[in-house]
Amino acid sequence: MASLIAPLTLCLWYNGDAEEAAQFYARTFASSSVDAVMRAPSDFPGGSEGVVLTVEFTVLGAKCIGLNGGPNFPHTQAFSFQVATDTQEETDRYWDAIVGNGGEESACGWCKDKWGLSWQITPRALSSGMADPDPAVRKRVFEAMMTMRKIDIATIEAAARGDG
C-alpha cells in the first residue's frame, strides 16, 4: 500500500544504512516510528533487487525519508535536529543514546550520531534563559552554556538567577 505523502518531508541522505538509522530514532525519541521501507523491485546499476532504497520515518513528529544514496554526500553541521527537553533526565537520555550509539560529543549541547547527523539537545531552560528580557541574565546563561558539552540544566538555572 502506498504511503500518504506529507506536505513537508525532510530527505536525509545515507550510505546504505537509512533503515538502521530510522530504527534507532524510533527506539530513542518519543513520537517516532519507522513508517515504510521501499526496496528495489529489480536489479539496477549499482544495486540489486531487494536492497533498501528509501525509508520513511518520523522523528518527534517530523516526517523524514532516508535515502540510501551512497557515500557522495555526507551530513554536515549545516543541518541539525534541535530537540527541546524539559528535564535533565530527558536531556541525558537523548544525549546518552546518541553519543553512546557510536556518536560524538560537541560543544554547547550539540552532538553527532553515528550516521553523521548533528543534534542539538536543548533544554527549554537554556532557550528561556537566552530569551530573557534582562541582558545580564542572557549573558550569564550564554557564558555558562559556552563551557558545556551536554547542557546541565541546574547550572543554566543558577546562571540565570545569578548564583555562583
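Give the range 1-54 a look and list any residue that's closer than 13 Å to GLY66 by Cα, over 21 Å from the mean Cα position of the chain (by Cα) and not aliphatic (A, V, I, L, M), or say none.
ARG39
What number goes with the only condition from (1) in contact with a Cys (Cβ under 7 Å, 6 or more places away or on another chain); (2) over 17 Å from ALA22 (Cα atoms); (3) outside any loop (DSSP other than H, G, I, E, B) that MET148 does not pass?
Among (1) in contact with a Cys (Cβ under 7 Å, 6 or more places away or on another chain); (2) over 17 Å from ALA22 (Cα atoms); (3) outside any loop (DSSP other than H, G, I, E, B), MET148 violates only (3).
Here is a yes/no grid of residues against (1) at pLDDT below 95; (2) under 23 Å from SER32 (Cβ atoms); (3) out of contact with any Lys or Arg (no Cβ under 6 Å at 6 or more places or on another chain):
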position	(1), (2), (3)
PHE57	no, yes, yes
GLY61	no, yes, yes
GLY102	no, yes, no
LYS112	no, yes, yes
TRP115	no, yes, yes
ALA131	no, no, yes
ASP134	no, no, yes
VAL137	no, no, yes
LYS150	no, yes, yes
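Where residues in the range 149-164 are of a type in the set (A, V, I, L, M, F, W, C) and more than 30 Å from GLY66 (Cβ to Cβ), which of them is most open to solvent (accessible area, probe 1.4 Å)?
Of everything passing the filter in the range 149-164, ALA154 is most open to solvent (accessible area, probe 1.4 Å).
Within the range 37-68, track down each residue that is open to solvent by less than 30 Å² (accessible area, probe 1.4 Å) and touching a Ser or Thr at 6+ places or on another chain (Cβ under 8 Å).
ALA40, PHE57, THR58, VAL59, CYS64, GLY66
Give the range 72-103 a look and list any residue that's under 15 Å from THR122 (Cβ atoms), open to solvent by less than 70 Å² (accessible area, probe 1.4 Å), more than 11 Å from the chain's Cα centre (by Cα) and without any contact (Cβ under 8 Å) to a residue 60 or more places away in the chain, or say none.
THR85, GLU90, ASP92
Among the listed residues SER31, SER42, identify the single one that is touching a residue at least 24 places away in the same chain (Cβ under 8 Å) and not β-branched (Val, Ile, Thr).
Among SER31, SER42, only SER31 is touching a residue at least 24 places away in the same chain (Cβ under 8 Å) and not β-branched (Val, Ile, Thr).
Could you count how many residues in the range 104-147 are closer than 23 Å to ALA78 by Cα and open to solvent by less than 20 Å² (accessible area, probe 1.4 Å)?
Within the range 104-147, residues that are closer than 23 Å to ALA78 by Cα and open to solvent by less than 20 Å² (accessible area, probe 1.4 Å) number 11.
Assuming ALA107 fulfils every condition listed in (1) aliphatic (A, V, I, L, M); (2) in contact with a Lys or Arg (Cβ under 7 Å, 6 or more places away or on another chain); (3) under 28 Å from ASP35 (Cβ atoms); (4) part of a loop (DSSP other than H, G, I, E, B) apart from one, which condition is it?
It is condition (3) that ALA107 fails.
The values are calculated or read from the model by the stated rules, or taken from the named source; none is laboratory data. Not measured: the values here are computed from a predicted model. Please note: Cβ atoms are built from the backbone with ideal geometry, for glycine as well, and neighbour counts cover all protein chains shown. Just so you know, the surface numbers come from the protein's heavy atoms only, side chains and all, with ligands and any DNA or RNA stripped out. Shrake-Rupley method; radii C 1.70, N 1.55, O 1.52, S 1.80 Å.
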